[in-house]
There are 2 protein chains.
Amino acid sequence: MTVLILTCEEDVTADMVVVHLNGSGVPVVRLDPADLTDGVSLSGEFVHGCFRGHLSAGGRLVSVNGLRSVWVRRPGTPAGRAARPSAWLTEESSQALYGMLRGCDARWMNHPDAARQARHKPWQLRLAQRCGLPVPATVITTFPRAAREFAERFPDLVVKPVSGAHPQDPPRAVPTSRVAPDADFSAVAFGPTLLQRRIAKRADIRLTVVGERLLAARKMAAPDADPQEVDVRFAAPGAPWEPVEVPPRTADAVRTYMRRAELAYGAFDFAEDADGTWWFLECNQSGQFGFVEVETGQPIARTIAEWLARPVPAATPEVSGASSTPR
Amino acid sequence: MTVLILTCEEDVTADMVVVHLNGSGVPVVRLDPADLTDGVSLSGEFVHGCFRGHLSAGGRLVSVNGLRSVWVRRPGTPAGRAARPSAWLTEESSQALYGMLRGCDARWMNHPDAARQARHKPWQLRLAQRCGLPVPATVITTFPRAAREFAERFPDLVVKPVSGAHPQDPPRAVPTSRVAPDADFSAVAFGPTLLQRRIAKRADIRLTVVGERLLAARKMAAPDADPQEVDVRFAAPGAPWEPVEVPPRTADAVRTYMRRAELAYGAFDFAEDADGTWWFLECNQSGQFGFVEVETGQPIARTIAEWLARPVPAATPEVSGASSTPR
């Protein structure tokens, strides 16, 4: 049984996981859907009530029914590097590849539908609330008046994008920034705006979840930090990331979140306040983990490899025998 | 409790359903996400462990928590008609709108994730096989040799797209066509190709499923039909669509399909052969139904309206009380 990794060639984080899989002797096929149909080939047959599918990449042939897990890391656009790329070829290739993989019994990290759902920030906030995680007061609105009223109630505010990175080429991360409560909110009418009560944080928390395993790291805020620097990704380098215990209640809530979101991997960001409370900021279902592993020595790549290497679950029982259907 | 319909203005099929909802006094809000943020506004607040959301369209304000169902018919691209449209504004608007709706307790016809999954033809074929529906022998391949071998085994063939309509503007349906078994299959290497054993059909079957209700119609093939015309959408007009009973075994299999696909609405296409067997061709989760209703008099629009009007299910229980979380 093979592990299939869908990612681009330059993904060095995937390399870290492949090393562990190779070390334990688990067969791995790594391919980039962008290389369809030049370098990557596929074939699937639906005959006599059965399905037989194959993928070929780098001269290796793998059976779709023989996959134990699929790791969707950073795959390129299907057929994006074809000799004559087109929207039509991308659509056909995407449907063919993912349509076949969706029908197999392999375990997913993460399933494409769970991944898509998990990217929605408003959905994340609601799920976190329901799982009992503390969520800073937030508004997402196109009503300037709603923004103004929110700023009156919560004058210490940050603004951040509703979605993730800006879709320019290459994509650009939009930093979280502070907003003055007397700001002019009239432009809110032109696009949804996310305002959130700023958490006065003493540390950033990155909690990486792999299956049932929780690996948390803390980065203390510098005592003399610029109060305008609220986004750890853009702040001046300060204290290192260090391993930290997860409070039991947070651990329970996070596991509930992962289960309801049907995610096998998630990177949670929390802000730790002066009382030690971890405030939920977001869960990135494809968050990077290399920088945490390097600084903390936490075995994230190995844990992912172990999850991917687990045996495949028993196949879904057929409703009626294939042999009883007409040919 | 309100029914929310997401569709474009020119969708006359939705009008047929709205008439029934209006007739039964159920509140309806219809909006096109393309009209964000000019005509459609939204606002959602996540405060004190609770969520309060609102949508505004055509001067009407509706509570997101007060939605009983969401009908995703033919919605436009979010913010597609904004004064200054952009990929960034579309992404922000999409995440804000669907992110809020995904967090509510309304019933979906169909949920966006189920809809996306259900569009994958290879996944459809596999699920149909597993549910016990007869599926014509099919291959989807980029290997010319696999195509050639398939054509030797099944010389009476059709070719059709793996995905749906061609993404030109306006989108164009690609007809299913017959292929000679001695065709040159070398171009298969440049894009996934779907070949399928042709069913010698005496009738086309359209089976519309709304919740648990099955409404089937049959259109007999003309005895003098051009054997090259295999796609009913492009064939010369012949016999009318007429209501037909669903064979009990097919009904069971179709209900299983709908349940596993988590669909509330689906339009199945079958080819009926000389033995009366219904061969599964596809299930379109957003298939049109107006033409069937007009020709057969089957109450599809009313059945959809009744499904949408059903009371909302009980809310998901909270894992821990909102009052026990920090503010």
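The values are calculated or read from the model by the stated rules, or taken from the named source; none is laboratory data. Note that this is a predicted model, so its numbers are computed, not measured. Cβ placement follows ideal geometry from the backbone for every residue including glycine, while neighbour counts extend to all protein chains displayed. These area figures cover heavy atoms from the full protein model, side chains too; ligands, DNA and RNA do not enter into them. Shrake-Rupley method; radii C 1.70, N 1.55, O 1.52, S 1.80 Å.
Of all residues in segment B:107-126, those being touching a Phe, Trp or Tyr at 6+ places or on another chain (Cβ under 9 Å) and more than 7 Å from chain A (Cβ to nearest Cβ) number 8. B:LEU101 satisfies every condition listed in (1) among the aliphatic types (A, V, I, L, M); (2) within 8 Å of another protein chain (Cβ to nearest Cβ); (3) in contact (Cβ under 8 Å) with a residue 60 or more places away in the chain except (2). Comparison of B:THR277, B:THR250 shows that the only residue that is within 26 Å of B:ALA200 (Cβ to Cβ) and either touching a His at 6+ places or on another chain (Cβ under 7 Å) or open to solvent by 30 Å² or more (accessible area, probe 1.4 Å) (or both) is B:THR277.
Determine, yes or no, whether B:THR296 is at pLDDT 95 or above and open to solvent by 10 Å² or more (accessible area, probe 1.4 Å). Steps first, please.
Numbers: at pLDDT 95 or above: yes; open to solvent by 10 Å² or more (accessible area, probe 1.4 Å): yes.
So B:THR296 passes the test.
Taking the numbered list (1) farther than 30 Å from A:ARG259 by Cα; (2) in contact with a helix residue (DSSP H, G or I) (Cβ under 9 Å, 6 or more places away or on another chain); (3) modelled with pLDDT under 85 in turn, B:ASP231 passes all entries but (2).
Step by step: first the residues of segment B:128-147, then only those that are more than 7 Å from chain A (Cβ to nearest Cβ) and open to solvent by less than 20 Å² (accessible area, probe 1.4 Å), then the one that is farthest from the chain's Cα centre (by Cα). Which residue is that? It comes out as B:ALA147. In segment A:87-122, the residue that is modelled with the highest pLDDT out of those that are under 26 Å from A:TRP307 (Cα atoms) and of a type in the set (Asp, Glu) is A:ASP113.
The single residue among B:SER24, B:SER41, B:SER86 that is open to solvent by 20 Å² or more (accessible area, probe 1.4 Å), more than 14 Å from chain A (Cβ to nearest Cβ), over 21 Å from the mean Cα position of the chain (by Cα) and not aliphatic (A, V, I, L, M) turns out to be B:SER24. Could you tell me which residue of segment B:44-58 is nearest to B:ALA301 (Cα to Cα), considering only residues that are of a type in the set (Gly, Ala, Ser) and within 14 Å of chain A (Cβ to nearest Cβ)? Looking at the filtered set, the residue picked out is B:ALA57.
Counting only residues that are out of contact with any helix residue (DSSP H, G or I) (no Cβ under 8 Å at 6 or more places or on another chain) and open to solvent by 30 Å² or more (accessible area, probe 1.4 Å), segment B:89-106 holds 2 of them.
If I filter segment B:71-83 down to residues being under 28 Å from B:GLY266 (Cα atoms) and within 14 Å of chain A (Cβ to nearest Cβ), which single residue comes out as surrounded by the most Cβ atoms within 10 Å (Cβ to Cβ)? This residue is B:ALA79.
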